Amino acid sequence: MYLWLKNKLEGRKVRYQISHQTSYQYNQLVLLKPHVLRLRPRCDVGQKLHNFSLKIEPKTTRKSEITDLDGNSNIKVWFEEAAKKLEIKMTAEVETFRSNPFDFLLESWATKLPIDYPSSWRSQLQPYQQSYGMGGDGAIAELAQDLYQQVEGDTISFLTTLNQCLNESCEYTIRHTGDAYPAGVTWRQKKGSCRDLAVLFIEVCRAVGLAARFVSGYQEGDPEQDNQDLHAWAEVYLPGGGWRGYDPTLGLAVADTHIALVASAIASYAAPVEGAVTAVNKGKIVESQLQFDLAIERI
């Protein structure tokens, strides 16, 4: 009976309908430079994209679909006419499969930290192991060492304990704009947005030699809540398991209630919308107001 229930749970599929509208209202007419949109949900062993559509105002003059260095599907768009508003609406239908986030077996040589990755992997993993200056003032190395000693170097225990530590120690705050804060700043303040906590998790992992990357996407959340937000978490490359997600904001290993858009070694390269504008009347400072509406529903 237990085995039947276990197989039943592991075979579960969850299907979501996502509607995500982002609007930038400007205080004057602006010229929109080319924008990169990272809004297409990825399609891999953990999730499948069934339908995807994108509507953009003002009208684009050209659109190019690109696979970036991290394997993400990006869309680059060009504009011609001046506008006072940019509106991007994405709708998608996504099916997720990973009900059990621990459905893998680590390679025997990867069960203890630091992991001695094969030499053939090191050049590929190097971008996901370096600090990029986000490590702060030594507090990150100290935290990593404390957790390492606490779990006696066990790889999975380290990740689970780190996830719980950040979830319990740091206050979650909502911050819709701006880059992620440096990991040292977030840890000293003991609070941050989901992207701040994801960067903090990544930097602690890198401090013990684990390859980790930043992920932007969505999380189902409470269906009764009025407002839903974009979400961010981390993925760690585990020999025998591949890229596996950890969400320090919720203190969870990532499973089938997370829907990934893109992942990158550098957090800013996972921003859902990236682009610049210039004023039509040169010399005037452009100000913008961001509004968004997000709905995630099981279907």
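The values are calculated or read from the model by the stated rules, or taken from the named source; none is laboratory data. Just so you know, these numbers come straight off a predicted model, no measurement behind them. Here Cβ is always computed from backbone atoms with ideal geometry, including for glycine, and neighbour counts include all displayed protein chains. Remember, those area values only see protein heavy atoms, side chains included, never the ligands or the DNA or RNA. Shrake-Rupley method; radii C 1.70, N 1.55, O 1.52, S 1.80 Å.
Just a few scattered comments:
- On inspection, TYR132 fails the criterion of being within 19 Å of the chain's Cα centre (by Cα) and modelled with pLDDT of 95 or more.
- The listed residues are ILE285, ILE259, and the only one of them that is surrounded by fewer than 19 Cβ atoms within 10 Å (Cβ to Cβ) and on the phi < 0 side of the Ramachandran plot turns out to be ILE285.
- The set of residues in the stretch 195-254 that are among the acidic types (Asp, Glu), in contact (Cβ under 8 Å) with a residue 60 or more places away in the chain and under 18 Å from CYS165 (Cβ atoms) comprises GLU203, ASP247.
- Failed item in (1) more than 30 Å from ILE285 (Cβ to Cβ); (2) small (Gly, Ala, Ser); (3) over 23 Å from the mean Cα position of the chain (by Cα); (4) at pLDDT 95 or above, with GLY11 passing the rest: (4)
- Verdict on ALA232 being out of contact with any Pro (no Cβ under 8 Å at 6 or more places or on another chain), under 30 Å from PRO114 (Cβ atoms) and among the small types (Gly, Ala, Ser): yes
- Options LEU113, LEU200, LEU159; residue that is closer than 30 Å to ARG15 by Cα and aliphatic (A, V, I, L, M): LEU159
- Members of the stretch 78-117 that are of a type in the set (Lys, Arg) and out of contact with any strand residue (DSSP E or B) (no Cβ under 7 Å at 6 or more places or on another chain): ARG98
- Qualifying residue in the stretch 42-51 (condition: open to solvent by 80 Å² or more (accessible area, probe 1.4 Å), without any contact (Cβ under 8 Å) to a residue 40 or more places away in the chain and either outside any strand (DSSP E or B) or not β-branched (Val, Ile, Thr) (or both)): yes
- Subset of the stretch 173-211 (residues that are closer than 19 Å to HIS258 by Cα and surrounded by 24 or more Cβ atoms within 10 Å (Cβ to Cβ)): ARG195, ASP196, LEU197, ALA198, VAL199, PHE201, ILE202
- The single condition among (1) in a loop (DSSP other than H, G, I, E, B); (2) of a type in the set (Ser, Thr, Tyr); (3) within 22 Å of TRP243 (Cβ to Cβ) that SER120 does not meet is (1).
- Selection within the stretch 262-282 - closer than 17 Å to ALA180 by Cα and surrounded by fewer than 14 Cβ atoms within 10 Å (Cβ to Cβ): SER268
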